[in-house]
Amino acid sequence: MKNILFTLIVFSCSLIFSQTEIATFFVDGVCGMCEERIETKCINAKGIKMADWNVENRTLKIVYNEKKISLKEIHKHIASFGHDTKLEKAPDEAYNSLDMCCKYRDEEVVKDHQ
Ligand SMILES: [Cu+2]
């Protein structure tokens, strides 16, 4: 009986939260400014509820509504403001508009932040 109840609770919870997805993936960047840019631009995008980027392992944790935005669109969005992901490379134009200290493709800049 307890098991049936538990299954029912889990089932109804998954129905309520089924539109909310959590994803963690690599987003390139080097500094605190990158962190602010990535998090702010992500949270401002429609369908994204939470974004947390870690400068140490360059990993972005994101909570989003899959009915409003797909994971692929999120990768595209991130690339559009200059940050590479494993799925989408940022266009040169967007990358070039980043601040000097954020040029993560430049080995010298990356070294400076270590
Ligand atoms: Cu930066």
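Mind scanning K61/K103; K2/K49; K67/K89; K86/K111; K2/K67 and naming the pairs with a C-alpha gap bigger than 30 Å? Walk me through the numbers before you get to the answer.
Details: K61/K103 22 Å; K2/K49 34 Å; K67/K89 24 Å; K86/K111 21 Å; K2/K67 33 Å.
Checking Cα-Cα distances, K2/K49; K2/K67 exceed 30 Å.
Can you tell me the FRET efficiency between L8 and M50 if r is taken as the Cβ-Cβ distance and R0 is 25 Å, rounded to the nearest 0.05?
Once the sixth-power term is evaluated, E becomes 0.30.
To test your reading of the geometry: what angle, between 0 and 90 degrees and rounded to tens, separates the Cα axis of helix 71-80 from the longest principal axis of the chain? In the chain, helix 71-80 runs at an angle near 20 degrees to the longest axis. Helix 2-16 and the longest principal axis of the Cα set of the chain meet at an angle near 40°.
I'd like the FRET efficiency for A94 and I43, computed as 1/(1 + (r/R0)^6) with the beta carbon distance as r and R0 of 25 Å, rounded to 0.05. Don't skip to the end; give the middle numbers.
Numbers: r = 19 Å, r/R0 = 0.74.
My answer for the efficiency is 0.85.
Against the chain, whose longest principal axis is taken from its Cα atoms, helix 32-44 shows a tilt of about 40°.
All of the numbers you see were taken from the coordinates with simple rules; none came from a lab. Note that the structure is a prediction, hence the values are computed from the model and not measured. Note that each Cβ is placed from the backbone with ideal geometry, even for glycine, and that neighbours are counted across all protein chains shown.
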